[in-house]
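See structure below.
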Amino acid sequence: MKKLLLTAITSLFIFGAVLAQTGKGHKYLGGSFTFSYDEDGTVQNYNFDTGVTQYLNHDIVSFNISPEFGFFLSDKWAIGIQPGYSRVSGTETSNFYSNSNPANNYTYTRKYHTDIVGLAVNLRYYCMLTDKFGIYPQMGISTSHIANNFTNGHFAAYAGPNVVFFPTPKVGLNMGFGNISYQYNYLSHGSFVNASLNNNFNFGINYYFGGK
């Protein structure tokens with residue numbers, strides 16, 4: 001299956017020198033941009049007495065942009081606000097093949113897209129082990145909704161470990177690995193809990209500025 005996945009995590013870079021990267025009075029800017037394209041998509045066959053319907057969902061384009069602004073409440077605690085926007089688009093094709101009369105065969109194709117908006121609040125606890133390297137557990141809550149139907153969406157609460165490295169005084173490279181999360185679906189009223197430690201990695205870049 002031909003599949004192109006491009007993930008670019010972006011932030012603002014303004015170069016300068018500060019005495020410390022973290023601590024009360026400091027702020028940070030960051031965010032993420034994710035893009036993926038799946039040409040082949042998925043194929044499903046449905047058998048009926050009159051024939052077979054082949055359903056294809058292909059040429060799927062997905063992207064998400066989520067900027068983040070945060071500030072330190074104390075030397076170790078920081079809170080971040082992260083709005084987000086996502087779009088998923090593609091092409092749906094239905095092919096019907098009659099068992100008795102080929103003249104009844106038909107093909108139906110339509111293009112679709114879904115827009116999703118959301119907002120997250122993240123809380124971090126920084127523990128700097130050296131001047132350049134530290135760890136920070138992050139926990140947060142988020143809500144997301146289908147743009148044209150706000151009753152369709154979900155609420156989530158989550159927590160997970162992260163590490164951060166500062167190659168320069170103002171730029172922090174962070175990596176998260178694994179998390180535990182709870183999700184509640186507004187439409188179905190269903191919920192589930194998920195825990196993962198080894199298959200959920202994410203990377204980010206943050207720009208730190210300000211001071212006491």
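How much net charge surrounds Ala78 when only other residues with a Cβ under 13 Å from its Cβ are counted (Lys, Arg +1; Asp, Glu -1)?
It works out to a net charge of +2.
When the accessible area of the stretch 79-212 is computed with all protein chains present and a 1.4 Å probe, what percentage of it is carbon and sulfur?
Looking at the stretch 79-212 in its full context, I get 63 percent from C and S.
Residues in the stretch 165-185, backbone N under 16 Å from the label point at Leu129 (7 Å along the Cα-to-beta-carbon vector): list them, ranges by number please.
Residues 165-167, 173-177 fall inside that zone.
Take a quick pass over the stretch 59-212 and tell me how many lysine pairs come in under 21 angstrom between Cα atoms, counting only ones 8 or more apart or on separate chains.
6
Sequence gap at least 6, Cα distance under 8 Å: using those rules, report the relative contact order of the stretch 157-209 to the nearest whole percent.
In percent, rounded to a whole number, it is 38.
In Å², and per residue, what accessible area does the chain have when probed at 1.4 Å with the other protein chains present?
On a per-residue basis, 59 Å².
Counting only chymotrypsin sites (Phe, Trp or Tyr not before Pro) that sit in a DSSP loop (anything but H, G, I, E, B) with at most 13 other Cβ atoms within 10 Å, what is the longest stretch of the chain containing none of them?
Here the longest segment lacking exposed loop sites spans 49-212.
Could you put Asp49, Asp131, Asp115 in order of accessible surface area, largest first, with the 1.4 Å probe and the full protein assembly present?
Largest accessible area first, the list is Asp49, Asp131, Asp115.
The values are calculated or read from the model by the stated rules, or taken from the named source; none is laboratory data. Not measured: the values here are computed from a predicted model. Note that each Cβ is placed from the backbone with ideal geometry, even for glycine, and that neighbours are counted across all protein chains shown. Protein only, heavy atoms only, side chains kept; ligands, DNA and RNA dropped before computing areas. Shrake-Rupley method; radii C 1.70, N 1.55, O 1.52, S 1.80 Å.
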